[in-house]
Amino acid sequence: MFPSAALIEQCAPQVSPVLMQALVRTESGGRPLAIGMDRAQGSVKQPQTLEEAVAMAKGLAAAGRKFSVGLAQIHVSNVSLYGMSWEQAFDACQNLTVGQKILWNFFHRATASGYTGVAAIWAALRGYNSGGADRTISDDYASRIFAYMSSAPPLVQLGRGIAMASASPLTAAPSSAVKVDVASIAPADNAASPQRRPGESLDLFEKPGAKAGF
C-alpha cells in the first residue's frame, strides 16, 4: 500500500507527502512488510504476514545479516539506533516517522555542507540511500525519486537549470516546473565526491555515529 497524504501528514509531517510517497515507491514499492537485503547479502523470500516478517527479521539480525525493512526501508542498524521493536519497524506509521528522521538528519548535514534548496533535497536523498550527501553513486536513486515526483503535483522536472532556493524545501515540495542542474549539486569543495566503496551496497542505511532527532 502506498501511504496516503493523510498518513504521511500524521506520521511524517516534516516531509512533503509528494516526496515521501516517491521515496516509499522507490524503496519498497509501497509494501509495508518488505525486507530488502544489502546488495552483498543476497536475497530473501518476502514475508506475507506481520508474524512472518518479524520472525524473518529477528532471524536475519541474529545471523548478523544487513537489511532494511518496511515502507521506508529502515536499515537494521537504525532499527536498533531508534530503539524500535521489529513490530514497530514494520508498522507503517512508525516506519515513516523514522524514515522522516533519517531524511531530515541528512538534510541538515547537507545544508551544513553548503547545499541549498532543491540541491539540499537531492543531497539528503543521496545520504538516505548510501550514507553521505556527497555520494554521487546515489544520483540515480535521487533521480528516480524526482522522476516519481514528476507524476504528481507539484510538478518537478529534472534538467539543466537553476535549483530553486527554499527556506524549508522538505516540507513544501518544489513548485511547478522546477529544474535541477545535477552537475552543480555538489559544492565546489566537494568536487571529488567519493564513489562506491568496495563491496558497498547501493542501499546502505548504516551510518556510524548517526544521531537521532532533527
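Quick notes
- Only alpha carbons enter this Debye calculation for segment 15-164, each as an equal point scatterer, and the log10 of I(q)/I(0) it gives at q = 0.16 Å⁻¹ is -0.86.
- Under-5 Å amide H pairs with I74, H placed in peptide plane, nonlocal only: V69
- A Förster radius of 22 Å, combined with the Cβ-Cβ distance separating F2 from A63, puts the computed FRET efficiency at roughly 0.10.
- Sequence-separation-based contact order of segment 30-71, relative, with Cα cut under 8 Å and 6+ spacing, percent: 57 percent
- Potential lengthening between R39 and S80 on full extension [0.36 nm per residue; Cα-Cα distance subtracted]: 12.7 nm
- 3J(HN,Hα) along segment 24-40: 5, 4, 6, 6, 10, x, x, 9, x, 9, 5, 10, x, 7, 4, 3, 7 Hz, from the Karplus curve 6.51 cos²θ - 1.76 cosθ + 1.60 with θ = phi - 60°, whole Hz, x for Gly and Pro.
- Working ranking of peptides 65-75, 16-26 by packing, defined as the average number of other Cβ atoms within 10 Å per residue, highest first, is 65-75, 16-26.
- Theoretical gain in end-to-end length, Q10 to T49 [0.36 nm per residue, Cα-Cα removed]: 11.6 nm
None of the figures in this text is laboratory data; all of them are computed from the coordinates on show. As the structure is a computational prediction, the values presented were derived from the model and not from experiment. Virtual Cβ from ideal backbone geometry, glycine too; neighbours counted across all protein chains shown.
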